[in-house]
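Down below is the structure, laid out as structure tokens.
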Amino acid sequence: VTLHLNPISSVHIHQKPLVFLLNSPLPLVWKLKTERLAPGIRRVFFVSLGSVVQFEMGNFSLSAETEEKFFPEKNEHLLQWAQKEYGAVTSFTELKISRNIYIKVGE
């Protein structure tokens with residue numbers, strides 16, 4: 001699955017830390033494609049067990065962290081866990097089948 005990350009239109013270059021929980025019932029290879037995300041900013045990708053994140057060539061992977069995590073099975077439990085762990089969830093998306101996911105990051 002390719003995860004496309006771009007800033008919202010009102011932000012020229014996104015310069016804030018990000019945390020993603022990438023959960024799947026089966027192990028996946030998450031391919032990351034980014035545009036206009038500042039290098040050197042901490043970005044964390046938690047993936048379900050057996051999954052991996054592949055980064056594009058460049059500086060983005062130097063400041064990104066990937067960690068395998070055991071997630072709650074049901075989405076409502078995952079959402080509650082994320083809210084407890086991080087205090088807030090700004091976006092939650094569930095997809096049954098997809099090859100590409102487009103996410104706009106920003107304020």
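Summary table below
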| quantity | calculated |
| --- | --- |
| Residue within region 29-37 that is open to solvent by 40 Å² or more (accessible area, probe 1.4 Å), among the hydrophobic types (A, V, I, L, M, F, W, C) and part of a loop (DSSP other than H, G, I, E, B) present | no |
| Qualifying positions in region 60-82 - surrounded by 12 or more Cβ atoms within 10 Å (Cβ to Cβ) and assigned to a helix (DSSP H, G or I) | F60, S61, S63, N75, L78, L79, Q80, W81, A82 |
| Residue list for region 1-28, restricted to those being open to solvent by less than 60 Å² (accessible area, probe 1.4 Å) and not in a loop (DSSP other than H, G, I, E, B) | T2, L3, H4, L5, N6, P7, H14, L18, F20, L21, L22 |
| Candidate set from region 83-107 (those that are open to solvent by 100 Å² or more (accessible area, probe 1.4 Å) and in a loop (DSSP other than H, G, I, E, B)); member that is nearest to L32 (Cα to Cα) | R99 |
| Residue selected from region 19-42 under the condition more than 20 Å from I8 (Cα to Cα) and among the polar types (S, T, N, Q), by the criterion farthest from the chain's Cα centre (by Cα) | S24 |
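The values are calculated or read from the model by the stated rules, or taken from the named source; none is laboratory data. Treat the numbers as computed from the prediction; the structure is a model and nothing was measured. Note that we place each Cβ from the backbone using ideal geometry, even for glycine, and neighbour counts take in every protein chain shown. Heads up: the accessible areas ignore ligands, DNA and RNA and are worked out on the full protein's heavy atoms, side chains in. Shrake-Rupley method; radii C 1.70, N 1.55, O 1.52, S 1.80 Å.
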